[in-house]
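Here the structure is laid out as structure tokens; the discussion comes afterwards.
The values are calculated or read from the model by the stated rules, or taken from the named source; none is laboratory data. The model shown is predicted, which means the values in this text are computed figures rather than measured ones. FYI the Cβ positions are ideal-geometry reconstructions off the backbone, even for glycines, and counts take in every protein chain you see.
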């Protein structure tokens with residue numbers, strides 16, 4: 001039985017959703033909330049298995065309520081989102097904060113709920129299985145370990161041995177010029193956009209990028225990333241940690257409907273040192289650039305002389321997905337040993353068949369570990385098939401990518 005709490009400022013929506021879930025044998029409606037603050041209190045009171053949360057509510061909106069809930073009681077949350085630009089931007093921010101999925105409200109409200117009942121029920125049943133608490137705990141532990149490692153490196157610099165060199169003759173009798181060395185921070189600090197007017201504390205899943213720096217090797221390489229449920233949060237953790245001088249391009253498939261991938265790309269671009277955009281047909285893949293497949297389009301990579309280009313299509317869905325990770329992986333497999341393929345959190349097994357082709361061609365593979373995956377389905381399938389060269393927590397994947405690119 002899935003114990004569900006419904007949070008929406010519309011009495012009509014609360015009634016419609018309550019009736020929908022009460023009619024199902026596997027759902028129990030434990031309560032309803034009229035705004036974000038009420039939702040936080042009801043979560044504390046009822047400890048539901050799942051929360052549906054409207055984005056736009058008075059008193060406390062869905063984003064601020066979500067941030068509080070993920071701090072005090074991490075749990076599966078499905079957002080109710082409008083298809084306006086503001087609505088899609090807020091939805092991406094919610095997914096980056098830890099929401100598992102979202103339900104689109106065409107025209108700003110669900111006026112014909114009978115047309116999307118099955119979609120609502122399917123998403124809520126799937127979200128209830130997500131292990132949000134484990135994933136956030138694992139990500140925090142990995143982040144703490146990363147901080148400790150960086151602190152140790154800073155506290156224990158490499159030992160230098162003094163060596164006396166013979167004096168060199170200077171016919172001009174002057175001291176050689178010395179270059180003034182200034183402290184340099186090779187990476188900037190990146191924060192989530194403000195949820196409120198005051199400056200918030202950085203959450204564990206949105207820390208400044210660790211000291212990852214590319215050496216310049218690997219200019220012929222390509223990175224391909226596939227992810228689904230929990231992906232926006234995982235992508236934020238990985239892409240914001242990539243160095244701006246990454247010597248190759250990155251292509252990404254995130255299972256997401258039309259209208260939301262552009263908001264995802266724009267948000268990641270605002271937080272990252274690499275450039276991030278929603279892919280367009282014919283884009284030439286450039287170093288230090290990330291290309292995210294647009295919703296409802298398969299994305300492939302085609303070689304054209306010395307260049308690699310993006311090819312988009314609306315070929316039939318593969319495994320019920322468009323875009324599909326397998327389609328991307330199939331197209332990049334010929335890159336061979338110059339390919340680094342990454343598979344991250346997501347339901348099902350999309351990417352496994354493509355990863356088999358990648359490994360057969362000599363490509364290198366990295367899988368997200370179970371402890372930081374919201375849904376350990378796609379990476380588990382790859383790991384169980386013996387196709388992963390590395391299994392890493394999400395906070396260490398950027399470092400693993402850079403190291404693999406420079407091999």
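Being free of Cβ contacts under 8 Å to residues at least 12 places away in the same chain and at positive phi is true for just one of 282, 305, 259. Which residue is that? Before you say what the answer is, go through the steps one by one.
Details: 282 fails: free of Cβ contacts under 8 Å to residues at least 12 places away in the same chain; 259 fails: free of Cβ contacts under 8 Å to residues at least 12 places away in the same chain.
Going through 282, 305, 259 in turn, just one is free of Cβ contacts under 8 Å to residues at least 12 places away in the same chain and at positive phi: 305.
Condition check ((1) buried (at least 24 other Cβ atoms within 10 Å of the Cβ); (2) under 21 Å from residue 347 (Cβ atoms); (3) within 13 Å of the chain's Cα centre (by Cα)) across all residues:
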site	(1), (2), (3)
235	yes, yes, yes
241	yes, no, yes
249	no, no, no
270	no, no, no
273	no, no, no
286	no, no, no
290	yes, no, yes
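If you go through region 45-94 and pick out every residue that is part of a helix (DSSP H, G or I), in contact with a strand residue (DSSP E or B) (Cβ under 6 Å, 6 or more places away or on another chain) and farther than 22 Å from residue 271 by Cβ, you end up with 1. Residue count for region 284-311, restricted to those that are farther than 18 Å from residue 236 by Cα and in a strand (DSSP E or B): 13. Any chance region 276-283 includes a residue that's at pLDDT below 95, assigned to a loop (DSSP other than H, G, I, E, B) and over 16 Å from residue 223 (Cα atoms)? The answer is no, given that none of the residues of region 276-283 is at pLDDT below 95, assigned to a loop (DSSP other than H, G, I, E, B) and over 16 Å from residue 223 (Cα atoms).
It is to be established whether one or more residues within region 21-31 are crowded, with 24+ Cβ neighbours inside 10 Å and part of a loop (DSSP other than H, G, I, E, B). Walk me through it before giving the result.
First, the residues of region 21-31 that are crowded, with 24+ Cβ neighbours inside 10 Å: none.
No, every residue in region 21-31 fails to be crowded, with 24+ Cβ neighbours inside 10 Å and part of a loop (DSSP other than H, G, I, E, B).
Across region 2-20, the qualifying residues are those that are modelled with pLDDT of 95 or more and under 30 Å from the mean Cα position of the chain (by Cα), and the one among them that is surrounded by the most Cβ atoms within 10 Å (Cβ to Cβ) is 7.
Each row is one residue, and each column tells you yes or no for (1) buried (at least 24 other Cβ atoms within 10 Å of the Cβ); (2) within 20 Å of the chain's Cα centre (by Cα); (3) part of a loop (DSSP other than H, G, I, E, B); (4) in the same structural domain as residue 100 (by TED's automatic domain parsing).
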{"residue": "315", "(1), (2), (3), (4)": "no, no, yes, no"}
{"residue": "323", "(1), (2), (3), (4)": "yes, yes, yes, no"}
{"residue": "342", "(1), (2), (3), (4)": "yes, yes, no, no"}
{"residue": "359", "(1), (2), (3), (4)": "no, no, no, no"}
{"residue": "387", "(1), (2), (3), (4)": "no, no, yes, no"}
{"residue": "400", "(1), (2), (3), (4)": "no, yes, no, no"}
